[in-house]
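Values quoted throughout were computed directly from the atomic coordinates according to the rules given, and no laboratory measurement underlies them. Since the structure is predicted, the reported quantities are computational estimates derived from the model, not experimental observations. Cβ placement follows ideal geometry from the backbone for every residue including glycine, while neighbour counts extend to all protein chains displayed.
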Amino acid sequence: MTAGHTFEPKILGFLCNWCCYAGADLAGVSRFQYPPNIRVIRVMCSGRVDPAHIFRAFATGQDAVFIGGCHLNDCHYVTHGNYDALGMVYVCKKLLEHIGLNPERLRLEWVSAGEGIRFSNIMNEIGPKMEKLGPLGKGEGLDEQELKAKLEAVTKLIPYIKLVLSERLRVPVRKEEAYTEFFTGEEFNRLFDELIADKLAKYPHVSARTQDVKKETVDNAKIDRIINKHKGEARSLIQVLLEIQKENHWIPVEVLEKVSKKLDVPLSRIKHIVTFHKTFSLNPKGSDE
Amino acid sequence: MPKLNSAAELEKWRKGVLSRRDPDKPSIAICAGMGCFGHDNGKIFAAFEKEIDKKDLKTKVYLRATGCHGYCEKGPMVIIYPDEICYMGVTPKDVPEIVSESVLGNKVIDRLVYADLDSGKKAVHPSEIPFYKNQMRHLIGSNTKIDPQSIDDYLAVGGYSALSKALMDMSPEEVLEEIKKAELRGRGGGGFPAGWKWKTARDAPGKEKYVIVNAHEGELGAFMDRAIFTGNPHCVLEGLIIGAYAIGSHQGFIYTRHDASRMKNNIDTAVAKAEEYGLLGENILGSNFDFHMEVHLDIGIFVSGESSALMRSIEGNIPEPRPKYIRTSVSGIWGKPSALNNVETWANVPLIIDKGAEWYTATGTEGSKGTKLVSLSGNIVNTGVAEVPFGTTIREIVYGIGGGIPNGKKLKAVHFGGPMGGCIPESLIDTPLDFDELAKLGAPIGAGSMLVLDEDADMVDVTRYFLGFLSNESCGKCVPCREGIRQMLKILINLCDGKGKEKDIELLEEISEVTGAASLCALGKTAADPLLSTLRYFRDEYEAKIGKGESPAEKRE
């Protein structure tokens, strides 16, 4: 960074197709000005946004994540996805706080299609705020390696966190008060500490260790042997996958990519097959099934 | 083991095997079928080994873990040859007594033989036991004499003589003619004449053709393919090679479940041994006919037993069916003509070639020739795998072989074909077992699974169970099946919970019309069959559930 050059925060926005994206569009058409820090990804519903998306954004250099959806009870889908986004964001904010990042970096707002002004106002507020917070990690005093390790640890735990969200952190009533009451209450804090923080503590914040975990789950020689046994033919795809699943008890994504390359089969087809039935598992499983 | 390069060498080897076996030496056949496996027959086998070792009988006695004997209800089963003493419900504790009394001595242990439930009369030999004596065990009869890991056992009962006859003495067209004359119909559920299918494949353009064994057996309640294939894999292999010769195919596929490890093990051994003996591979028995085999596993779903889905799966794609505007026998795997048949169908082929079509057609009815394996389950005294000639009435099967209904209950219906079949009510059980007769009554024979239901069975609940199964197994490709089954299931769940509404039955009938007409494959097309069949014969049960929530069964109490 050259002297005098101010920090330009990078903000990634997930805007829901029906309300917030339209609102942002309206802001643009009406020429309401706001700083150009935000890059927008249009999703069909704010409920689509996954913790994996948020943490991937942070891991790839974004300084803030903005999620925009329809006002509560106005979700265009019968399933009220925006409530799912609400719950998810509460948990992710707590996670950010837990690993030492400022939870204000994750922002959830409800903007309707006609509220162009509101959208630009929000952006005008967020921009300077994020500037003040500084770059991700550095602003909180974490060094690069440490930040990377912590984000990796959370990312690995995300499938489990989603499970906890849907099973133990579920709010039975789709009402804002119910959500606010639950997520600002003692029980949420307790459950978070018991179920999530506890597990996270088992990942020591040193990069080298997370690499170790990776190595023991992928025995490349075994995988190569299985592929070569079937003469690396595309038609033996299912047999190869079955054998890998049997030997390894799960199939890591890197192995899928390897199989795709060696058998010359599109990765999308492999993923189609592997996600089609419970026979295959993309997550580590115990050896006793 | 040098390869057998001619029919003469095969016969010489067979004679050698037979000469090395003493027919008077006692032989112990322990059933290692799936049912008995669940009863820990491994421990019984170990107990026999120990006892034989202890009494130093290793060279004086043959000990075999054979394929399924069929009488699953009475497992674990042990048969002592040459006297054919059938012991049932054997435990490891009984083993020393069996060895000392029946193997070394000539005595029969009374408490271990079959006893009639009502009269208490004992029966020792299969020719006396009602379950066995009312069957015609052409296919499964040899299971008790064969260790599936040994090819010599199969040769000893005359195996592969049909192959040698076909390859040496008959032309491919003659083999095809013989199968056509025998009127062999597919045993997997379609009942399509195998001869016609083979002819289509043979006449289709192109030099590369494939033959496939469908060993998937996904149908609920069907376990006879497993019994034959695990117990006697060679008879299916032999049928496949003969079929390939008739069609002109040089590559065969066996498609089986990934979770049946013993069956897979036996198949792999059988293929390896056949190759070793020169009965598979290049220049089989010196006839210039080449044939290779590949074993493929499924990924664990019901729909991959459907022929076009199966072929997609062999290609390495996801098993989804396709509409069959063009038959798979013309365009199958990789677009090449592929003749797919069920395990039992292939198992019939060596019999037909060996004994001739005339002998074969003497058994059975006008439209259905030969025998059929049926798997009996449900509310019936004798569960297991039975083999009967076509034409046997259902009454004879349920009472004569099945032993009737336990606990003094009355028979209500027999359900054929699992989730894609229908039921025959008690009033119609004098119908003979026949493809066309049963189809006329709305209960196609399917693969041969017979689910026996007694008077306490709730037919609406049974239908709901089948639809629940199918809704999980639907591949989801076409709307009528994916959505139709789901909606029908919802209505049935409401009916079962007593929340039935007016017009529910009419709605069900309407939806089933659509799924039947518009689905892409047999799963969707026949999904509504159990529903339509139970509506046909047990409509009052459905009507009772509408608004009132009380079924006739409950009313009776």
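Kirkwood hydrodynamic radius of the stretch B:459-556 from all distinct Cα pairs, in Å?
Mean inverse Cα-Cα distance, inverted, gives 13.3 Å.
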Fill in: Charge dipole (the stretch B:371-454, unit charges on Cβ, about Cα centre) - positive-most of B:Pro444, B:Gly422, B:Phe390
B:Gly422
Item to complete: Provide, for q = 0.06 Å⁻¹, the log10 of I(q)/I(0) from a solvent-free Debye sum over equal Cα point scatterers in the protein assembly as shown.
Response: -0.54
Fill in: Peptide ranges B:43-56, B:163-176 listed from the most packed, as the mean C-beta count within 10 angstrom indicates
B:163-176, B:43-56
Fill in: Calculated [θ] (222 nm, deg cm²/dmol) that DSSP helices of n ≥ 4 give over chain B, each run adding -39,500 (n - 2.57)
-11500 deg cm²/dmol
Discussion item. With angles folded into 0 to 90 degrees, how steeply does helix A:144-167 sit against the dominant principal axis of chain A? Use alpha carbons for both and round to 10.
Written reply: 90
Worksheet item: When Cβ neighbours within 10 Å are restricted to other protein chains, what is their mean count per residue of peptide B:254-266?
Response: 1
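Counting only other chains, and only Cβ atoms inside 10 Å, what mean value do you get across the residues of A:235-242? Don't skip to the answer; put the middle values down first.
Details: counts 8, 4, 5, 14, 7, 1, 2, 6.
Mean partner shielding for this stretch: 6.
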Worksheet item: Among bridges DSSP assigns within the protein assembly as shown, what percent are antiparallel (round to 5)?
Response: 40
Worksheet item: When the Cα centres of the stretch B:471-529 and the stretch B:441-460 are compared, how far apart do they sit, in Å?
Response: 19
Fill in: Cα centroid separation - the stretch A:39-82 against the stretch B:13-38, whole Å
68
Worksheet item: What is the sum of charges around B:Thr66, taking Lys and Arg as +1, Asp and Glu as -1, for the other residues whose C-beta is under 10 Å from the C-beta of B:Thr66?
Response: 0
Discussion item. Quick check on my link table: of B:Lys58/B:Lys145; A:Lys271/B:Lys264; B:Lys180/B:Lys209, which ones sit more than 21 Å apart, alpha carbon to alpha carbon?
Written reply: A:Lys271/B:Lys264
Fill in: For chain B: rounded, prolate or oblate by the Cα gyration tensor [a/c cutoff 1.5]
oblate
Practice prompt. Would you work out which of B:Ile80, B:Leu535, A:Ile238 lies farthest towards the positive end of the dipole of the protein assembly as shown, given +1 charges on the beta-carbon of Lys and Arg and -1 on that of Asp and Glu, about the Cα centre?
Written response: A:Ile238
Item to complete: If a/c stays under 1.5 just call it rounded; otherwise compare a/b with b/c (prolate if a/b is bigger, oblate if not). Do that for the stretch B:157-360, with a ≥ b ≥ c from the square roots of the Cα gyration tensor eigenvalues.
Response: rounded
Worksheet item: Say the cut-off is 23 Å between C-alpha atoms; which of B:Lys336/B:Lys525; B:Lys199/B:Lys355; B:Lys15/B:Lys369; B:Lys477/B:Lys501; B:Lys197/B:Lys372; B:Lys55/B:Lys93 go over it?
Response: B:Lys336/B:Lys525; B:Lys15/B:Lys369; B:Lys477/B:Lys501
Fill in: Angle between chain A longest axis and helix A:237-248 axis [Cα atoms, degrees, rounded to 10]
90
Discussion item. Taking amide H atoms as placed 1.01 Å from N in the peptide plane, list the residues 5 or more away in sequence, or in a different chain, whose amide H sits under 5 Å from that of A:Phe14.
Written reply: A:Ile41, A:Phe66, A:Ile67, A:Gly68
Discussion item. Compute the distance from the alpha-carbon center of the stretch B:295-319 to that of the stretch B:381-437, in whole Å.
Written reply: 31
Worksheet item: FRET efficiency for A:Ile117 and A:Asp224, Cβ-Cβ distance as r, R0 = 56 Å, nearest 0.05?
Response: 0.40
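Quickly estimate the mean residue ellipticity at 222 nm for chain A, helices only: each DSSP H run with n ≥ 4 gives -39500 (n - 2.57), and the total goes over all residues, rounded to 500. All intermediate terms of the calculation are to be shown ahead of the outcome.
On the way: 12 runs with 145 residues, N = 289.
Taken over chain A, the calculation gives -15500 deg cm²/dmol.
From the square roots a ≥ b ≥ c of the eigenvalues of the alpha-carbon gyration tensor of chain A, which class results: rounded (a/c under 1.5), prolate (a/b over b/c), or oblate?
Values: a/c = 1.71, a/b = 1.65, b/c = 1.04.
Note, shape of chain A comes out prolate.
Determine the shielding of peptide B:289-301 by partner chains: average, over its residues, the number of Cβ atoms on other chains within 10 angstrom of each Cβ. Mind dumping the intermediate values first?
On the way: counts 0, 0, 0, 0, 0, 3, 1, 5, 6, 4, 11, 6, 4.
That works out to 3 on average.
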Worksheet, complete the sentence: Non-local residues with an amide H under 5 Å from the amide H of B:Asn342, with H modelled 1.01 Å from N and Pro and chain starts lacking one, are B:Arg187, B:Gly188, B:Asn214
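Kirkwood Rh and Cα-based Rg: tell me the resulting Rg over Rh for the stretch B:109-193, rounded to two decimals. Walk me through the intermediate numbers first.
Working: Rg = 19.0 Å, Rh = 16.8 Å.
Ratio of gyration radius to Kirkwood radius: 1.14.
Based on alpha-carbon atoms only, what is the radius of gyration of the stretch B:371-454 relative to the globular estimate 2.2 N^0.38 Å? It would help to have the intermediate numbers written out before the result.
Working: Rg = 11.2 Å, N = 84, 2.2 N^0.38 = 11.8 Å.
Scaled against compact globular proteins, the figure is 0.94.
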Practice prompt. Over all alpha-carbon pairs of the stretch A:60-175, lay out the pair-distance distribution in 5 Å bins, whole %, shortest bin first.
Written response: 2, 10, 18, 19, 19, 15, 12, 5, 1
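I'd like the per residue volume of the convex hull spanned by the Cα atoms of the stretch B:25-133, given in cubic angstrom.
Working: hull volume 9.7 nm³, N = 109.
Taking only Cα atoms, the stretch B:25-133 has a hull volume of 89 Å³ per residue.
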Worksheet item: What is the helix-to-structure angle for A:253-263, meaning the angle in degrees between its Cα long axis and the longest Cα principal axis of chain A, kept from 0 to 90 and rounded to the nearest 10?
Response: 50
